[in-house]
Amino acid sequence: MREYDRTQERTGVQENRDWAPEYDVQSDFVMVYGFHDLEKRVAHWKEHGYVVHLMTGVSWGHYKDYLYGEFDGRDHHDEGQVRGDGVEINHGVDVPYMVPSISYAHYLAVNLKKAIDAGIDAIHLEEPEFWVAAGYSEAFKREWQIYYKEPWQAPDSSAEAQYRASKLKRYLYTRTLDHLCAELKEYALVNYGRLLRFYVPTHSLVNYSQWRIVSPESALVDLPTIDGYIAQIWTGTSRTANRYRGDLRERTFDTAFFEYGIMQELVRGSGRRMWYLHDPIEDDPNHTWRDYRYNYYRTLVASLFQPEIASYEVSPWPARVMTGKHKSEDGTRDEGIPPEYKTNLLTIMHTLRDMEGQECRWVTDTRQIGILLADSAMYQRAYPEGVPYRLEASTVRWNPFYGLSLPLFKSGACVRPVQLDNVRRYAGYLNDYRVLVLSYEYMKPDGPDLHNAIAGWVREGGVLMVVGDGSDAFHSVREWWNQSGADYHDPAQHLFEALGLGRDPAEGVYGVGKGQVGVCRLHPMNIAESGELCDDYMAQMHALLRAADMDFEPSSHLLMRRGPYTVSAVINESVDTSPMVVEGLYMNMLDDNLAVVRDPVQNPDDVGFWMAIDPKSSEADVLAASGRVEKIARAEGELSFKLTGPSEMKACVRLQTPRKPESICVICKGEALAYEAQYDEESCTTLITFASSVEGVEVEVEF
């Protein structure tokens, strides 16, 4: 095990409470949440070794002094987000989602300067969110007039009004973040001589599109004042039901795989930092601990299949996790976190710090396929009454995306949403992909130049499947494909022309330069609804891949190595129901006792996180531990280290020891602690368990 300096900020938490030993999970940094008791909380967390950031909501918060005019003498209730029926959209009492006006940005800046004065190192402006159902407040009407230079239109009056309202919503929060970050970076440099960092914790484009929320997403990549993101993905987002072969159900692992995938793509090539969020529970308190644990493991493993990200927010609200009460495993009573789950969580949290710099490779013969996805998917999530469209527009269903992605994923392809907007930002952005799928039936391209780049990629050997029947009501909005002399029915016609196929090629496979183009005249929503059409779509995909000598055999097995670690999953609802044998000798990272297993077997719906063990290793080492390991020292026949973790839990450590230990000494604050030790001859490892302590436990082993 490697020791890590906290300034590397590989793992972090967010917490609105002051420091306490019961939930000090010993991550690298903490995001203190909100402005209350700020100086006190910053000081206490720093005293306990943390790098301290600040997190606050940018679209909502406890900002009553602003709403009621105490800040500047003007009542600002007209700036809440309002639905068409006149109801304000709130996050709580006196906590409306805001239309981000210039005066609101000024209010946030004044408060954020207090955090800079308190000595924080970075600011996280959380969840810039504008609900699709909103757009009827007086503040939004003013912004419409300023932006479009024409009278406001009710978003539900036409497809075009809805599309334009959503574009404006995305712009407003982009403007607000640019304004805040620029002003506050200057303030920190002028007053303290330090370069302040800004990050945006945000849900994925997959989730915001599904939940019918508009957010800046990739637009923030264009702002030099933004240093990165936190991908706010957890059970609550990933368990949202989706449809496959007509069956609507939760598919947490599959959805999380897509969510983490698009967030990896968001920053690929940008140099921006990205932390992946995991939540050991979720915001909904009405699930059992069994449910939380099941879904946590699936989001965790899904994130580990994204090899370009190796930094993590290991828990929002660790106090809620470590000290909160939820339904027991059997659902009959409320109780605290099961002790074995707490121990395993801490082990995982500290193991995640070791992901950076590990060489990653697929073990299974997994075909990587990208599904192009644009920010404009958020613009089409409300269909005005009377528009002839077949989507379940009143719900969060987002069938077209899942119609394209789930059939491929269930066949064993590594399906990654690919940020279409980035094609114009980075030269060669598509070069990491050989196969892409595209449909404009639920999103639109921002400009014709994107098609020139895609056509060039195809001619150099890319394989592109274009899916759609041209029936989307939003094809008629005033945009570049039908303005300034252009007369295309939909943007796909322009893409086909750029590929040299004419405007309306028939369904089939076409050679274009060194590449191949497939044309599938199905609506992706219908693919999600029908098993028969799903099979038709997959048959056309396989025909396209065969033409490019890239076809693959369906499989339910996913297996990736990340240095000494292995992540595995057996996909359910697949044509392949065979179990997978993960060959080798491993430590099970999803077991509270870090069980040693050889050739573990996984069945459909199983996920795994393993660490390879080499029993021939002659060097003693700490392999894994449910706490922060420091001061590792080795000598002939000796190993010592310090382990620090939350109080009131069992600590678990597995050591590589060439032979059975002769003596073990466990000391906390100068006193010997009781412990249990078990040596495993096959792996030449020793498991030691004892009471965890935030004061630190010294362990000495002789063998």
Enumeration of residues in the stretch 481-496 that are closer than 16 Å to VAL519 by Cβ and surrounded by fewer than 17 Cβ atoms within 10 Å (Cβ to Cβ): HIS489
Of residues in the stretch 117-140 being of a type in the set (A, V, I, L, M) and either more than 14 Å from TYR33 (Cα to Cα) or touching a Ser or Thr at 6+ places or on another chain (Cβ under 9 Å) (or both), the one most open to solvent (accessible area, probe 1.4 Å): ALA133
Cβ-Cβ under 6 Å pairs, at least 6 apart or on other chains, the stretch 662-687 side touching a residue at least 60 places away in the same chain (Cβ under 8 Å), far side outside any strand (DSSP E or B) and open to solvent by less than 30 Å² (accessible area, probe 1.4 Å): SER683/ILE613
Filter result for GLU636 (surrounded by fewer than 19 Cβ atoms within 10 Å (Cβ to Cβ), charged (D, E, K, R) and free of Cβ contacts under 8 Å to residues at least 60 places away in the same chain): yes
Any hit, the stretch 547-563, residues being open to solvent by 20 Å² or more (accessible area, probe 1.4 Å) and closer than 30 Å to ARG6 by Cβ: yes
Flag if VAL87 is open to solvent by 10 Å² or more (accessible area, probe 1.4 Å), over 26 Å from CYS181 (Cβ atoms), of a type outside the set (Phe, Trp, Tyr) and touching a Ser or Thr at 6+ places or on another chain (Cβ under 6 Å): no
Tabulated pairs, the stretch 639-652, first without any contact (Cβ under 8 Å) to a residue 24 or more places away in the chain, second among the basic types (Lys, Arg) and open to solvent by less than 30 Å² (accessible area, probe 1.4 Å), C-beta under 9 angstrom, 6+ apart or interchain: none
Test: residue in the stretch 313-322 that is part of a helix (DSSP H, G or I) and either small (Gly, Ala, Ser) or touching a Cys at 6+ places or on another chain (Cβ under 6 Å) (or both): yes
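Within the stretch 1-72, which strands (runs of 3 or more DSSP E) (wholly inside it) include 1 or more residues that are without any contact (Cβ under 8 Å) to a residue 24 or more places away in the chain?
Because the criterion is at least 1 residues that are without any contact (Cβ under 8 Å) to a residue 24 or more places away in the chain, the strands (runs of 3 or more DSSP E) in the stretch 1-72 that meet it are 29-33.
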Residues of the stretch 471-491 classified as of a type in the set (A, V, I, L, M), more than 21 Å from TYR383 (Cα to Cα) and in contact with a Lys or Arg (Cβ under 9 Å, 6 or more places away or on another chain), total: 0
Criterion: at negative phi and assigned to a loop (DSSP other than H, G, I, E, B) - qualifying residue of ASP254, ASP279: ASP279
Some residue of the stretch 515-533 being open to solvent by 50 Å² or more (accessible area, probe 1.4 Å), in contact with a His (Cβ under 8 Å, 6 or more places away or on another chain) and farther than 30 Å from VAL607 by Cα: no
Residues (surrounded by fewer than 19 Cβ atoms within 10 Å (Cβ to Cβ) and not acidic (Asp, Glu)) located in the stretch 612-632: ALA612, PRO615, LYS616, SER617, SER618, LYS631, ILE632
The stretch 144-162 - residue that is within 26 Å of TYR442 (Cα to Cα) and more than 31 Å from the chain's Cα centre (by Cα) and, of those, least open to solvent (accessible area, probe 1.4 Å): TRP144
Test: residue in the stretch 447-464 that is of a type in the set (Asp, Glu), assigned to a helix (DSSP H, G or I) and in contact with a helix residue (DSSP H, G or I) (Cβ under 7 Å, 6 or more places away or on another chain): yes
Some residue of the stretch 182-192 being part of a helix (DSSP H, G or I), open to solvent by less than 10 Å² (accessible area, probe 1.4 Å), within 27 Å of VAL52 (Cβ to Cβ) and modelled with pLDDT of 95 or more: yes
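The values are calculated or read from the model by the stated rules, or taken from the named source; none is laboratory data. Fair warning: this is a prediction, and the values are worked out from it, not measured in the lab. No Cβ is skipped: glycine too gets one built from the backbone with ideal geometry, and neighbour counts run over all protein chains shown. Remember, those area values only see protein heavy atoms, side chains included, never the ligands or the DNA or RNA. Shrake-Rupley method; radii C 1.70, N 1.55, O 1.52, S 1.80 Å.
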